[in-house]
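Beneath this line is the structure, given in structure tokens, with notes to follow.
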Amino acid sequence: MTALTAPRATAEERSRARRSRRYRRDLRWSPYALVAPFFLFFSAFGLFPLLYTGWASLHRVELTDPTHMEWAGLHNYSRLWEDDFFWNALRNTFTIGVISTVPQLLMALGLAHLLNYRLRGSMFFRVALLTPYATSVAAGTLVFVLLFGRDYGMVNWALGLAGLDAIDWQNGTWTSQLAVSTIVIWRWTGYNTLIYLAAMQAVPSDLYESAALDGASRWQQFRHVTIPSLRPTILFTVVVSTIGATQLFGEPLLFNGAAGATGGADHQYQTLGLYLYEQGWVNLHLGRASAIAWAMFLILLLIAAAHWLIGRRLRKSG
């Protein structure tokens, strides 16, 4: 029996050893296999376009013949430095970003504070706040185009009831930027509200109870308990909204269909995204458009660096 069972025991040991090796290999390499699809898609649709536009920005290349490249060095970047239209687009991007981001985040903070208390139908309001975010940019913008129409728009109709003159929203500098900012505010306020609401619900209730025992009103609790607790979240939404404003494209493009990528007759609301589109897909200057794209990328890197520095200071002060 001993002679017969010895080979059987040896075979079982070899089988267990093989299973153990397969298990160790599976444990070691399975995580890489699970994350591999992300890196493959990122390489194809993220990294490669980034590197290609960086290479194209150093050449004179037209969209009609993208394979023919003529070395230009930093000429496309130096041209941007002297380009009044680029600085106009950068200025418009900044002003529209400020006009849209500041009211948007303030309104989101106030709405989240209201929803943080037990209100009837709070779930309905939360779903309603996400409706603009779920609506397509094209559909939302076209509705606002009708609202801000010069002759038959509802906004001018309301101004007429108040005894004010009608405004040509699409052709004025500040009026067009304000109208475009209104679309952004409508679209993203609910999204930021839910982010703030989630952060507020994570604040320990003991802090509010201690403040209430000290005689603090709801407004004082909001100022001295809620706001300090939300500082990292507020910083996050400011950075994300700033990045979104830097890349703003759909709303100004569709706000005046006749103007197209020019952003109005005087380029009064042309953003960096519109200027990139105009250079690359209207004027067919792919090299210049690539330089604009990398300039936008460098701006976003500066914003990320500012976010890191401010967040580091907040963590130290906290």
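The values are calculated or read from the model by the stated rules, or taken from the named source; none is laboratory data. Values in this document were obtained by computation on a predicted structure and should not be read as measured data. We place every Cβ from the backbone using ideal geometry, glycine too, and count neighbours over all the protein chains shown. Each accessible area value is taken on the protein alone, full model and side chains, heavy atoms only, with ligands, DNA and RNA left out. Shrake-Rupley method; radii C 1.70, N 1.55, O 1.52, S 1.80 Å.
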The listed residue being of a type outside the set (A, V, I, L, M, F, W, C), at pLDDT 90 or above and out of contact with any strand residue (DSSP E or B) (no Cβ under 6 Å at 6 or more places or on another chain), out of Arg60, Arg91:
Arg91
On the given criteria, is Leu284 in contact (Cβ under 8 Å) with a residue 40 or more places away in the chain, over 27 Å from Ala108 (Cβ atoms) and hydrophobic (A, V, I, L, M, F, W, C)?
yes
Yes or no: segment 189-196 includes at least one residue that is in contact with a helix residue (DSSP H, G or I) (Cβ under 7 Å, 6 or more places away or on another chain), open to solvent by 60 Å² or more (accessible area, probe 1.4 Å) and assigned to a helix (DSSP H, G or I).
yes
Considering each of Val102, Val127 in turn, give the residue that is hydrophobic (A, V, I, L, M, F, W, C), at pLDDT below 90 and closer than 21 Å to Thr237 by Cβ.
Val127
Segment 286-303: number of residues that are open to solvent by 50 Å² or more (accessible area, probe 1.4 Å) and within 19 Å of the chain's Cα centre (by Cα)
5
Report, by residue number, each residue of segment 256-274 that is in a helix (DSSP H, G or I) and at pLDDT below 90.
Gly260, Ala261, Thr262
Please count how many residues of segment 1-51 are more than 30 Å from Ser290 (Cα to Cα) and either modelled with pLDDT under 65 or not β-branched (Val, Ile, Thr) (or both).
33
Can you say whether Ile227 is within 27 Å of Gly190 (Cα to Cα), open to solvent by 40 Å² or more (accessible area, probe 1.4 Å) and in a helix (DSSP H, G or I), as far as the supplied structure shows?
yes
Given (1) at pLDDT below 85; (2) farther than 30 Å from Gly260 by Cα, identify the lone condition not met by Thr226.
(1)
Residue list for segment 243-253, restricted to those being crowded, with 19+ Cβ neighbours inside 10 Å and over 14 Å from Trp169 (Cβ atoms)
Ala245, Thr246, Leu248, Leu253
Are there any pairs with C-beta distances below 9 angstrom linking a residue in segment 300-311 that is closer than 13 Å to Thr246 by Cα and among the aliphatic types (A, V, I, L, M) to a residue that is in a helix (DSSP H, G or I) and open to solvent by 40 Å² or more (accessible area, probe 1.4 Å), with the two at least 6 apart or on different chains, and if so which?
Leu300/Thr242; Leu300/Ile243; Ile303/Thr242; Ile303/Ile243; Ala304/Ile243
Which residue, of Val155, Val145, is of a type in the set (A, V, I, L, M, F, W, C) and touching a residue at least 60 places away in the same chain (Cβ under 8 Å)?
Val145
Of the numbered conditions (1) in contact (Cβ under 8 Å) with a residue 60 or more places away in the chain; (2) surrounded by fewer than 18 Cβ atoms within 10 Å (Cβ to Cβ); (3) of a type in the set (A, V, I, L, M, F, W, C), Leu207 fails exactly one; give the number of that condition.
(1)
Can you tell me how many residues within segment 254-285 are open to solvent by 30 Å² or more (accessible area, probe 1.4 Å) and among the acidic types (Asp, Glu)?
1
